[in-house]
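Reviewing the structure listed below.
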Protein chains: 2
Amino acid sequence: MAAKLKSFWKNNFMHLLEIAKRRKTVRHFKSKEVSLEDMLYCIEVAKEAPSGMNSQPWRFVIITDDDIKKNIRKICEKREKEFHEKLKGKLKEWLKEKHITWEKNFIEEAPILLLIFSSKEFPYFVQSTWLAIGYLLLALEEKGLATVTYTPPNPEEVRKYIGAPDEYKLEAILPIGYSADEKEKEERKNLEEITYLNEWKQYFKYKSHILSG
Amino acid sequence: MAAKLKSFWKNNFMHLLEIAKRRKTVRHFKSKEVSLEDMLYCIEVAKEAPSGMNSQPWRFVIITDDDIKKNIRKICEKREKEFHEKLKGKLKEWLKEKHITWEKNFIEEAPILLLIFSSKEFPYFVQSTWLAIGYLLLALEEKGLATVTYTPPNPEEVRKYIGAPDEYKLEAILPIGYSADEKEKEERKNLEEITYLNEWKQYFKYKSHILSG
């Protein structure tokens with residue numbers, strides 16, 4: 001009985017570090033439907049984030065309609081093609097290595113697209129909205145859902161297509177579904193590479209015994 | 001036994017929505033020390049966030065030294081004073097209503113200051129870093145710690161003082177400690193005010209039975 005209960009709780013409640021570590025970017029999705037309840041749960045989590053002046057500048061547009069998805073894909077891919085033709089340097093190499101091309105199948109493939117907008121009328125609208133996206137990504141993972149924070153090269157065209165007012169900026173398009181992506185999570189730097197103590201100088205490198213990772 | 005185990009799990013593992021709802025901005029802190037282990041746990045969570053090109057542009061500087069805290073407070077308050085004298089409009093009213101002045105006691109009061117920097121060399125460095133801050137805020141709450149995402153008016157002066165290279169931008173200063181702030185959490189909008197379905201038009205207003213909130 002105790003073991004059963006333990007396994008129930010373990011499956012239903014995780015430490016944040018487990019959720020965060022498990023969460024990876026996904027670009028291929030199963031056709032399995034995503035419940036609107038799960039989607040709304042994740043937005044419920046996101047909207048608890050703090051924001052400049054508590055302005056809550058974020059807006060969420062859930063897209064379930066196949067024709068709309070198809071049109072958004074078309075709008076994005078048109079510019080992606082131009083963008084990829086002009087690419088240079090580090091970004092070009094990185095995208096090639098990751099096999100990321102101008103084709104954005106995931107826009108149509110994912111059962112749900114979530115368009116995230118921010119209102120330009122408030123201080124720190126970009127920062128606040130991305131902070132909320134951080135909340136959202138963890139909530140998706142908690143629900144077993146996957147995504148990629150796709151930032152199209154032409155957010156304005158997508159905004160106009162969806163009919164969002166001028167004051168809003170499209171921050172990201174999140175294709176959401178159950179993962180069909182075999183790719184491993186990209187590696188993260190070690191804590192000691194990104195954390196300093198009291199001055200801009202590596203410190204924790206020599207203190208790895210206190211690290212929790 | 002089962003009840004005891006249940007209570008253990010319930011105290012140690014929460015659904016993300018509970019953590020997110022409970023989390024509020026805090027500007028007053030107890031003197032109670034914050035363990036470095038807890039601090040590093042939260043950064044461990046944050047560094048799992050995705051970022052443009054997986055560049056992980058974030059850097060974290062933990063400040064525990066009292067003199068450094070005092071100096072950072074001085075640097076910030078000098079410009080805060082000028083900033084508050086010039087204030088106008090909505091922001092001025094909002095700050096007055098919230099009793100937020102140029103004085104930033106919390107910079108000295110909090111047992112730990114966490115300075116968060118982003119590297120300007122990568123695409124979407126601001127967005128990526130704030131997404132990671134979203135992760136971090138939830139981790140702090142999970143550990144029972146509180147903060148405010150303070151954005152000083154003169155991030156460059158603080159950057160220079162701490163000796164961070166030119167390529168880095170100070171995104172926020174987080175005073176971290178145990179809450180001594182009685183203020184209630186600021187209210188959030190309802191889900192139906194910020195969420196649309198397939199077009200920019202209120203929809204969920206009439207569908208409140210499916211909302212999880």
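Rundown of residues vs (1) buried (at least 22 other Cβ atoms within 10 Å of the Cβ); (2) assigned to a strand (DSSP E or B), yes/no style:
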{"position": "A:Leu114", "(1), (2)": "yes, yes"}
{"position": "A:Phe122", "(1), (2)": "no, no"}
{"position": "A:Ile133", "(1), (2)": "yes, no"}
{"position": "A:Ala139", "(1), (2)": "yes, no"}
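When region A:26-71 is filtered for residues that are within 17 Å of the chain's Cα centre (by Cα) and of a type in the set (Val, Ile, Thr), the ones remaining, listed by number, are A:Val26, A:Val34, A:Ile43, A:Val45, A:Val61, A:Ile62, A:Ile63. Checked against (1) open to solvent by less than 70 Å² (accessible area, probe 1.4 Å); (2) within 19 Å of the chain's Cα centre (by Cα); (3) farther than 23 Å from B:Glu199 by Cα, A:Glu103 passes all but a single condition, namely (1). Within region A:50-67, restricting attention to residues that are in contact with a strand residue (DSSP E or B) (Cβ under 8 Å, 6 or more places away or on another chain) and small (Gly, Ala, Ser), which residue is nearest to B:Trp94 (Cα to Cα)? Among those that are in contact with a strand residue (DSSP E or B) (Cβ under 8 Å, 6 or more places away or on another chain) and small (Gly, Ala, Ser), it is A:Ser55. Name the residue that is nearest to the chain's Cα centre (by Cα), counting only residues in region A:154-173 that are within 11 Å of chain B (Cβ to nearest Cβ) and of a type outside the set (Lys, Arg). For region A:154-173, the residue satisfying everything is A:Ala172. Look at B:Ala172 and say whether it is open to solvent by less than 10 Å² (accessible area, probe 1.4 Å), in contact with a strand residue (DSSP E or B) (Cβ under 9 Å, 6 or more places away or on another chain) and either among the basic types (Lys, Arg) or not in a helix (DSSP H, G or I) (or both). So B:Ala172 passes the test. Could you check A:Glu186 against (1) over 15 Å from the mean Cα position of the chain (by Cα); (2) over 25 Å from A:Lys47 (Cα atoms) and say which number it fails? (1) is the only condition that A:Glu186 fails. Residues that are open to solvent by 50 Å² or more (accessible area, probe 1.4 Å) and not in a helix (DSSP H, G or I) were ranked within region A:3-54; the one that is modelled with the lowest pLDDT is A:His15. Tell me, please, whether a residue that is under 21 Å from the mean Cα position of the chain (by Cα), modelled with pLDDT of 95 or more and either within 13 Å of chain B (Cβ to nearest Cβ) or part of a helix (DSSP H, G or I) (or both) can be found in region A:80-97. Within region A:80-97, one or more residues are under 21 Å from the mean Cα position of the chain (by Cα), modelled with pLDDT of 95 or more and either within 13 Å of chain B (Cβ to nearest Cβ) or part of a helix (DSSP H, G or I) (or both).
The values are calculated or read from the model by the stated rules, or taken from the named source; none is laboratory data. Source: prediction; values computed, not measured. All Cβ positions, glycine included, derive from the backbone under ideal geometry; neighbour counts span all protein chains shown. We work out accessible area using only protein heavy atoms, side chains counted, and drop any ligands, DNA or RNA first. Shrake-Rupley method; radii C 1.70, N 1.55, O 1.52, S 1.80 Å.
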